[in-house]
1. For percent of Cα pairs over 18 Å apart, one of [x] 58; [y] 41; [z] 54 was computed from the structure I shared and the rest are decoys. Which label?
2. Per 0.36 nm of contour for each residue apart, how much would the distance between Thr66 and Glu2 grow if the chain were fully extended, relative to their Cα-Cα spacing?
3. Please give the helix 36-74 orientation as an angle from the longest Cα principal axis of the chain, in degrees from 0 to 90, rounded to the nearest 10.
4. Taking the Cα atoms only, what angle lies between the long axis of helix 5-30 and the longest principal axis of the chain, rounded to 10 degrees?
5. Where does the chain land at 222 nm, in deg cm²/dmol rounded to the nearest 500, when only DSSP H runs of n ≥ 4 count, each adding -39500 (n - 2.57), divided by all residues?
6. Between Phe9 and Val25, what is 0.36 nm times their sequence separation minus the Cα-Cα distance? Round to one decimal in nm.
7. Do any trypsin sites (Lys or Arg not before Pro) in the chain lie in a DSSP loop with no more than 13 other beta carbon atoms within 10 Å, and if so, which?
8. For segment 1-67, what relative contact order do you get, as a whole percent, if you take Cα pairs closer than 8 Å and at least 6 residues apart?
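Laboratory data are not the source of any read-out in this text; all were calculated from the coordinates shown. Since this is a predicted model, take the numbers as computed values, not measurements. Heads up, the Cβs are rebuilt from the backbone with ideal geometry, glycines too, and the neighbour counts pull from every protein chain shown.
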Amino acid sequence: MEGKARFIFPVLITAVIVFIVSGVVTFANIGLRPDFVERWMKAFLTGWPVAIVVAYFAIPVVRRATQVLVRLIDGPSPSA
């Protein structure tokens, strides 16, 4: 990814992931109480900025690790 996309993508993907995960974990911890949505949104708004920062640092590392693992799985490339 290049340009603006490399800055926008982590923000959007972390929003989706943290929204879903915070909802599931909040439900698992407190059940469907009257204040469920309020607690869910608090968890989401707390976790999302953390996830964005982590994503900016982790994405390049994970990209490189993925390339290494794919090379290991594929084995040596045939000589031309």
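1. Label of the calculated value: [x].
2. Taking 0.36 nm per residue and subtracting the Cα distance, the gain is 21.2 nm.
3. 10 degrees
4. Its long axis makes an angle of about 50 degrees.
5. Calculated from helices alone, the mean residue ellipticity at 222 nm is -29500 deg cm²/dmol.
6. Contour length minus Cα-Cα distance gives 3.4 nm.
7. Taking the chain and a limit of 13 other Cβ atoms within 10 Å, the loop trypsin sites (Lys or Arg not before Pro) found are Lys4.
8. Rounded, it is 40 percent for segment 1-67.
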